[in-house]
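The values are calculated or read from the model by the stated rules, or taken from the named source; none is laboratory data. Since we're looking at a predicted model, the values are computed, not measured. Cβ: placed from backbone, ideal geometry, glycine included. Neighbour counts: every protein chain shown. Quick note on the areas: whole protein, heavy atoms, side chains included, nothing else; ligands and nucleic acids left out. Shrake-Rupley method; radii C 1.70, N 1.55, O 1.52, S 1.80 Å.
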Amino acid sequence: MINKQALIDRFISYVTIDTESDPNSDTTPSTEKQWDLARILAEQLEAMGMQDVSIDDNAYVMATLPSNVSHEVPTIGFVSHFDTTPDFTGKDVKPQIIENYDGGDIVLNEAQNIILSPDYFDDLKQYQGQTIITTDGTTLLGADDKAGITEIMEAMKYLLAHPEIKHGPIRVGFTPDEEIGRGAHKFDVEKFGAAWAYTMDGSQIGELEYENFNAAGAVVTIEGKIVHPGYAKGKMVNSMYIATDYINSLPRLETPEHTEDREGFFHLYSIEGSVDSTRLEYIIRDHDKGHFEARKEMMSKLANELNTQLGKDLISVEIKDQYYNMREKVEPVMHIVDIAEEAMKALDIKPLIKPIRGGTDGSQLSFMGLPCPNIFAGGHNFHGRYEYVPVESMMRAVEVIVKIAEITAQKQLA
């Protein structure tokens with residue numbers, strides 16, 4: 001039986017450590033404060049009896065739970081990230097524990113009238129009667145992905161305490177900077193030494209994912225010309241008006257707020273503009289590789305068309321690929337997904353197999369030679385003040401890790 005209070009205590013201890021990453025930094029980890037949790041994790045792994053505990057110069061933490069069976073079993077891994085997103089502050093997180101949730105509104109912050117309501121976030125309704133951990137409305141929570149770290153740590157602790165559960169060698173890995181797209185950049189796959197792994201970085205209970213977006217970032221730069229507005233006729237070129245034309249020429253309904261499932265999108269997430277120069281920053285996402293390439297081509301073609309209309313090259317587009325759909329790397333080894341699905345079903349958890357509308361360390365790791373599907377960690381409403389996690393979902397995730405280890409060892413005897 002998983003110790004509920006020990007899990008809560010561990011999770012709270014992790015989320016109250018500020019580990020926000022910084023996309024504008026060129027170091028790894030991108031923020032010095034990520035070392036605080038990395039070092040604690042390494043110390044805790046040592047203390048619980050894990051083997052081969054290491055923390056490298058870039059704060060990647062790894063450890064081994066040795067096999068306790070005599071037959072050969074593939075080494076499997078479990079991976080989570082300890083940074084939190086820079087989209088919303090993770091400083092001074094003050095978690096609130098709601099026991100026996102009654103299904104109604106949760107007042108996160110009475111002074112600021114911040115309410116977590118099932119009328120808006122209807123997923124809350126499925127957790128009535130459970131214990132929910134929320135924010136105080138002024139920060140994110142950090143369940144993405146400190147819930148995953150908590151679950152892996154608790155699962156290793158459980159397996160160490162229960163040698164009657166037979167398993168092969170297990171590797172665990174904790175990474176920095178996932179939230180800024182660099183979580184796997186310096187992950188040493190060869191050193192990790194697993195045949196495959198699972199990221200514990202999904203959302204609601206039952207999620208099992210082996211598809212994710214193909215992803216690119218695009219920077220659109222529009223050059224204008226500024227002169228005194230009183231004498232501007234025929235001389236001024238206002239880059240912001242041209243930027244507006246560019247924005248409105250992309251498919252308006254192919255944006256995050258209008259798409260779901262496997263539908264891709266263009267997402268304008270930043271504008272910096274003046275008469276003289278405007279910079280637009282986009283992310284491009286699509287599960288289908290052909291559609292992904294077409295989206296990139298559309299952005300470049302649109303710039304060329306507008307430049308032709310303007311009679312001069314004022315718009316430039318720079319596009320860089322970020323990561324790709326892991327499906328092509330996982331499908332040839334689908335037994336690793338089947339094992340996770342079997343584990344959930346054995347625990348009476350309904351598997352929710354669906355594509356990730358985002359990215360994960362698992363995507364990059366899969367292309368680096370470590371096939372890596374994604375499993376639920378339990379949290380909801382990531383990257384903002386309304387983030388929450390049901391404790392029971394975290395407990396079930398611990399059970400799934402243990403069961404995957406057990407099934408993997410059993411299958412080698414079949």
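Expected output is a single nm value to one decimal: the length gained when fully extending between Phe121 and Asp288, i.e. 0.36 nm times separation in residues minus the C-alpha distance. What is it?
Taking Phe121 through Asp288 to full extension adds about 57.2 nm, to one decimal.
Over the Cα atoms of the stretch 331-412, what radius of gyration and what Dmax do you get, in Å?
13.9, 45
Tabulate in residue order the Karplus-calculated ³J(HN,Hα) for the stretch 174-182, using 6.51 cos²θ - 1.76 cosθ + 1.60 with θ = phi - 60°, rounded to whole Hz; enter x for Gly and Pro.
10, 10, x, 6, 5, 5, 10, x, 10
Considering the dipole of the chain built from charges on the beta carbon (Lys and Arg +1, Asp and Glu -1) around the Cα centre, which of Leu314, His185, Ile76 is farthest to its positive end?
Of the listed residues, the answer is Leu314.
For Lys186, which lysines qualify as cross-link partners when the Cα separation must be under 21 Å and same-chain residues fewer than eight apart are set aside?
Within the straight-line limit of under 21 Å, Lys186 reaches these lysines: Lys33, Lys146, Lys320, Lys329.
Among (i) 1.03; (ii) 1.16; (iii) 0.96, only one was calculated for this model; which label is it, if the read-out is Rg/Rh (Cα atoms, Kirkwood Rh)?
(i)
Using 7 Å Cα-to-Cβ label points, what is the Glu341/Tyr241 separation (nm, one decimal)?
Result for the modelled spin labels: 5.7 nm.
Expressed as a rounded percentage, what relative contact order does the chain have, with Cα pairs under 8 Å and six or more residues apart? Can you show the working numbers first?
Values: 910 pairs, mean separation 96.0, N = 414.
Reported relative contact order: 23 percent.
log₁₀ I(q)/I(0) of the stretch 310-350 at q = 0.16 Å⁻¹, via Debye over equal Cα point scatterers, no solvent, to two decimals?
For the stretch 310-350 at q = 0.16 Å⁻¹, log10 I(q)/I(0) is -0.63.
Could you list the residues of the stretch 123-158 with an amide nitrogen less than 20 Å from a label point located 7 Å from the Cα of Ile114 in the Cα-to-C-beta direction?
Inside the label zone: 123-124, 132-147.
Based on the mean of other Cβ atoms within 10 Å per residue, sort peptides 401-408, 78-85 so the most packed one is first.
On the way: 401-408: 21.9, 78-85: 28.1.
Result, highest mean Cβ count within 10 Å first: 78-85, 401-408.
Roll a 1.4 Å probe over the protein chains and send me the accessible area per residue for the chain in Å².
44 Å²
Measure nothing but the geometry: give the 0 to 90° angle between the long axis through the Cα atoms of 34-48 and the longest principal axis through the Cα atoms of the chain, rounded to 10°.
Result, in degrees: 10.
Nearest 10 degrees, 0 to 90: what angle lies between the long axis of helix 289-310 and the longest principal axis of the chain (Cα atoms)?
Compared with the principal axis, the helix lies near 20 degrees.
So if we plug the beta-carbon distance of Asn307 and His228 into 1/(1 + (r/R0)^6) with R0 = 22 Å, what FRET efficiency do we get, rounded to 0.05?
Working: r = 26 Å, r/R0 = 1.19.
Here the calculated transfer efficiency is 0.25.
Of all the accessible heavy-atom surface of the stretch 253-393, with the other protein chains kept in place and a 1.4 Å probe, what percent is carbon and sulfur?
Numbers: 3190 of 6770 Å².
About 47 percent, which is the carbon plus sulfur part of the accessible surface.
Going by average Cβ density within 10 Å per residue, which order do the peptides 317-325, 361-369 take, highest to lowest?
Ranked from most to least packed, the peptides come out as 361-369, 317-325.
Given Cβ point charges of +1 (Lys, Arg) and -1 (Asp, Glu) and nothing else, what value in debye, to the nearest 20, does the dipole of the stretch 305-414 about its Cα centre take?
140 debye
When the accessible area of the stretch 1-56 is split by element with a 1.4 Å probe, what percent falls to carbon and sulfur? Could you put the intermediate results ahead of the total?
Details: 1280 of 2770 Å².
Reported share for carbon and sulfur atoms: 46 percent.
In whole percent, how big is the carbon plus sulfur part of the accessible area of the stretch 159-216, probe 1.4 Å, protein atoms only?
C and S fraction of accessible area: 51 percent.
Give the peptides 233-242, 96-105 in descending order of average Cβ contacts within 10 Å, highest first.
Details: 233-242: 14.7, 96-105: 12.7.
The peptides rank, most packed first, as 233-242, 96-105.
Could you give the size of the charge dipole of the stretch 179-239 about its Cα centre, using +1 on the Cβ of each K and R and -1 on the Cβ of each D and E, expressed in debye and rounded to the nearest 20?
So the dipole magnitude of the stretch 179-239 works out to roughly 760 debye.
Under 5 Å between amide hydrogens, which residues at least 5 positions from Gln322 or on another chain qualify, with H placed 1.01 Å from N in the peptide plane?
Long-range HN contacts for Gln322: Ala215, Ala216, Gly217.
Test of understanding: what is the full-extension gain from Asp321 to Ser270, defined as 0.36 nm times their sequence separation minus their Cα-Cα distance?
Contour length minus the Cα-Cα distance gives 16.6 nm.
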